[in-house]
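The values are calculated or read from the model by the stated rules, or taken from the named source; none is laboratory data. Worth saying up front: this structure is predicted, and the values here are computed from it rather than measured. Ideal geometry is used to build each Cβ from the backbone, glycine not excepted, and the neighbour counts take in all protein chains shown. In case anyone asks, the SASA skips ligands and DNA or RNA and just uses the protein heavy atoms, side chains included. Shrake-Rupley method; radii C 1.70, N 1.55, O 1.52, S 1.80 Å.
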Amino acid sequence: MGSAASYGTVTFTKKFYIFGPGYFLSENPNTQANAASAFTDGVVTFNTGSAGSVVTGMTFTNYMYIYVNNIVLRRNAFVGPATTFFIDVNTGVTNLIFVGNYINYQQSSATYKALWIEASNSNCVIANNFITTTGATSYAIYVDPLSTVQISNNVINGKVEMTGGNFDNNILVNGTFTGTGLTWFNNLGNSTQFGTANGNQQTVNMAAGACFVSSGTTDGKWQLAPASPAKAAGLAGIDCGMFGGTSPYVLSGIPSIPTIYYFSSPVSGSSSQGLPVTIKAKSRN
């Protein structure tokens, strides 16, 4: 339930399916009748026993630790100044699905990491996210050696460093890219991060109206402009960026369950006319 109160510190020790209402709910149209987000301001930890958990539609403002396999984080917001890192995927984790999230990591230290994939992780998917750091000096994504990670269709502002895996169809608004032991395909950079081989584009104008739309909500403004060079520029002709591909970003992180986006009711009723209530709802995918 969306609320002005935090859900505090959360430690998962069994499998849970958590559905929040989403975020930026007052900005985007037809989201939720109640525009309050559901958030935690304490540390969130996935411990032994919580493998297989799914979390969607939540807002996190502090550290997150992932120690177990088969975790799905879809359509969540990570916003805040947590130091050192925001999300730490511990050594040896397999099958992390991190799709359709919004990360605003408010740190600029050259060694800090918004999303940190530690060593020897496998089958991790990072796709269709918006990931930004304060400036371009801290890491948006840092992948330790011996990890296999698929990074695709993200919009990124900040440094990226990885060893092995795949890096395709991404838009690097600003920051550096270091890829060791891999070939990257069909990415766009504001400078010469990717070169021009393998469908990559360099020195792309990232200004509003050129690559992205000229205005919009906090997450909506990262939709591609009509004449964006990212249109149909990805592998197999799909759009690059967070709104392209098979799992496009969903505004406000609305979970894939029905939502009531309009609710109207009088303050009182009568025995003759009852209590007339009007709601408008949408199914979601």
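Some points to look at:
- The accessible-area ordering, largest first, of the residues Tyr102, Tyr139, Tyr112, Tyr262 stands as Tyr262, Tyr112, Tyr139, Tyr102, per a 1.4 angstrom probe.
- FRET E, pair Ser108, Glu161, Förster distance 22 Å, beta-carbon r, rounded to 0.05: 0.85
- Cβ-based net charge around Ser53, under 12 Å, with every Lys or Arg adding one and every Asp or Glu removing one: +3
- Of all accessible heavy-atom area on region 82-195, the percent that carbon and sulfur account for (1.4 Å): 50 percent
- All Cα-Cα distances of region 15-62, cut into 10 Å bins from zero to the largest, leave 24, 45, 24, 7 percent in each bin in turn.
- Accessible area of the chain divided out per residue, in Å², using a probe of 1.4 angstrom: 42 Å²
- Only Cα pairs under 8 Å and 6+ residues apart enter the sum, and on that basis the relative contact order of the chain stands at 13 percent.
- Antiparallel DSSP beta bridges within the chain, as percent of all bridges there, nearest 5: 10 percent
- Percent of Cα pairs in region 1-83 per distance bin of 5 Å, from zero to the largest separation: 3, 15, 24, 26, 17, 9, 4, 1.
- Angstrom value of the Kirkwood radius, inverse mean 1/r, which spans all Cα pairs in the chain: 19.5 Å
- Gaussian network model of the chain, springs between alpha carbon atoms under 10 Å - residue of Pro145, Pro29, Pro266 with greatest fluctuation: Pro266
- Counted by Cβ distance under 10 Å from Gly253, the other residues give a net charge of +1, where Lys and Arg count +1 and Asp and Glu count -1.
- Taken over the Cα atoms of region 56-131, the convex hull encloses 77 Å³ per residue.
- Highest-MSF residue in the chain out of Ser26, Ser152, Ser265 [GNM, Cα springs under 10 Å]: Ser265
- Violating pairs (Cα-Cα greater than 29 angstrom) within the set Lys14/Lys113; Lys14/Lys159; Lys15/Lys113: Lys14/Lys159
- Sulfur and carbon atoms: percent of accessible area, region 210-279 [1.4 Å]: 57 percent
- Region 30-183 - percent relative contact order, Cα under 8 Å, separation 6 or more: 15 percent
- The separation of region 179-223 from region 238-260, counted between C-alpha centres, amounts to 19 Å.
- Residue among Ala110, Phe12, Asn205 farthest towards the positive dipole end of the chain, charges placed on Cβ: Phe12
- Tensor-based shape of region 84-184 (alpha-carbon gyration tensor, a/c under 1.5 rounded, otherwise prolate or oblate): rounded
- In the calculated pair-distance distribution of region 140-285, the portion above 28 angstrom amounts to 34 percent of the Cα-Cα pairs.
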